[in-house]
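Written below as structure tokens is the structure these notes are about.
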Amino acid sequence: MAVIYDLNSDWSFVRLPQEDGSASLPVHKSDFGDEDWERVTLPHTWNDKDGASGRTGICQGGENYYRGLACYRRRFVCDCSDKRVFIEFGAANTIAEVFVNSEFVGRHEGGYSAFRFDITDFVSEGENVIAVKVDN
């Protein structure tokens, strides 16, 4: 029998621009501080405002359209003894790298398709941390 946990709420989110060196921060590490990050619920679109209007105001992406890295992080408690554990995403545009408890789990390319990873070997009883780096 499968047990399904909804992890769509309570994510921490931040953009990681290269200009200020944020792209090189170790945001995938479990002990990285994300307390000051924006709180979001998935699905989430980080270009919903900056991509809304261009110079003409006709949804052309605008000159402030952010292109680059962002990170989502979430803590969760797993009662996972003697179970296979998978994480599934509806989509992540365009490249997503998934980490669990600081360990690289996998990479997905393709912004509009669902994907899943077996994270059994990465989770432990008690609190776990998922970090997802996304590059649009």
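The values are calculated or read from the model by the stated rules, or taken from the named source; none is laboratory data. In this text, all values refer to a predicted model and were calculated from it rather than measured experimentally. Positions of Cβ are backbone-derived with ideal geometry, glycine not excepted, and every protein chain shown enters the neighbour counts. Heavy atoms of the whole protein, side chains included, go into the accessibility calculation; ligands, DNA and RNA do not. Shrake-Rupley method; radii C 1.70, N 1.55, O 1.52, S 1.80 Å.
When you go through Phe89, Phe104 one by one, which is the residue that is within 23 Å of Asp6 (Cβ to Cβ) and modelled with pLDDT of 90 or more?
On inspection, the qualifying residue turns out to be Phe89.
Return yes when Val77 is out of contact with any Phe, Trp or Tyr (no Cβ under 7 Å at 6 or more places or on another chain) and at pLDDT 95 or above and no when it is not.
Against the criterion (out of contact with any Phe, Trp or Tyr (no Cβ under 7 Å at 6 or more places or on another chain) and at pLDDT 95 or above), Val77 does not qualify.
Which one is least open to solvent (accessible area, probe 1.4 Å) among residues in segment 34-66 that are β-branched (Val, Ile, Thr) and either modelled with pLDDT of 75 or more or touching a Cys at 6+ places or on another chain (Cβ under 8 Å) (or both)?
Here the answer is Val40.
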